[in-house]
1. Kyte-Doolittle mean at least -1.0 and Cα extent at least 20 Å along the axis: which DSSP H helices of the chain qualify?
2. Starting from 0.36 nm per residue, how many nanometres of slack lie between D100 and D73 once their C-alpha separation is accounted for?
3. Can you tally the lysine pairs in the chain where the Cα-Cα distance is under 27 Å and the two residues are eight or more apart, or on different chains?
4. What is the set of long-range amide H partners of E9 at a cut-off below 5 Å, with H atoms built 1.01 Å from backbone N?
5. Please compute the Cα-Cα pair-distance distribution of the chain with 10 Å bins starting at 0, giving whole percents from short to long.
6. Starting at the first residue of region 82-98, write each ³J(HN,Hα) from the Karplus equation 6.51 cos²θ - 1.76 cosθ + 1.60 with θ = phi - 60°, in whole Hz, x for Gly and Pro.
7. Can you tally the net charge around A107? Count Lys and Arg as +1, Asp and Glu as -1, for every other residue whose Cβ sits under 13 Å from the Cβ of A107.
8. Exposed loop sites here are trypsin sites (Lys or Arg not before Pro) in DSSP loop states with at most 14 other C-beta atoms within 10 Å. What is the longest stretch of the chain lacking them?
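We did not get these values from a lab; they are worked out from the coordinates using the rules stated. Just so you know, these numbers come straight off a predicted model, no measurement behind them. So basically every Cβ, Gly included, is an ideal-geometry build from the backbone, and we count neighbours across all protein chains shown.
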Amino acid sequence: MTKLGKTEELMESGLTRSGVLEIERELRMLLADTFALYLKTKNFHWHMRGRHFRDYHLLLDEHADQIFAITDDIAERARKLGGNTLRSIGDVVRNQRLRDNDQERVAPEKMLQEVLSDNRKLTGFLRYTHEVCARHNDVASTSLIEVWIDQAERRVWFLAEILSGMTGTFLDSAEE
């Protein structure tokens, strides 16, 4: 580490210590939310039923795979910067902002509405994390996050299009 002015140190990553700490905090919460959304999406994939079972089952499996695929990148990004990341399921629970769904039976439409809402929230969390990384000149993280935002927006688009054919009020109830 090198000194930057009187009070701020540069980390090995070239970012300030305070910048790394702020980015680390945001990446930790983002990772926790990603794990929570992954598990919820798999839960709904496993418990899907109804006349469109195959289509929704496969869609949710594809979405879950895409969500899980970014978890390692999020965690390793924090480590590359000199920060820490999640260490346990308890750590996920303490840091997640998205709510779990432990209900035994959830109607297919409600499942899709809930993952739509959570993907929208995740998109907002990604955008905020992008702002934090950009403020601290963490170009690599902002670049990765831009791809993840695009993926989340695609999931939102697919789910919204499916739900638009189900009811006229899904957008209101999915915004919770």
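1. Qualifying helices, which must be both long enough and hydrophobic enough, are 17-47, 53-69, 108-135, 139-164.
2. 7.4 nm
3. Lysine pair count for the chain: 8.
4. L4, R17, S18
5. In whole percents, the pair-distance histogram is 10, 36, 30, 16, 7, 2, 0.
6. So the J values, rounded to whole Hz, are x, x, 10, 9, 4, 10, 6, 5, x, 5, 4, 4, 5, 10, 6, 9, 7.
7. Neighbour charge sum, excluding A107 itself: +1.
8. 106-176
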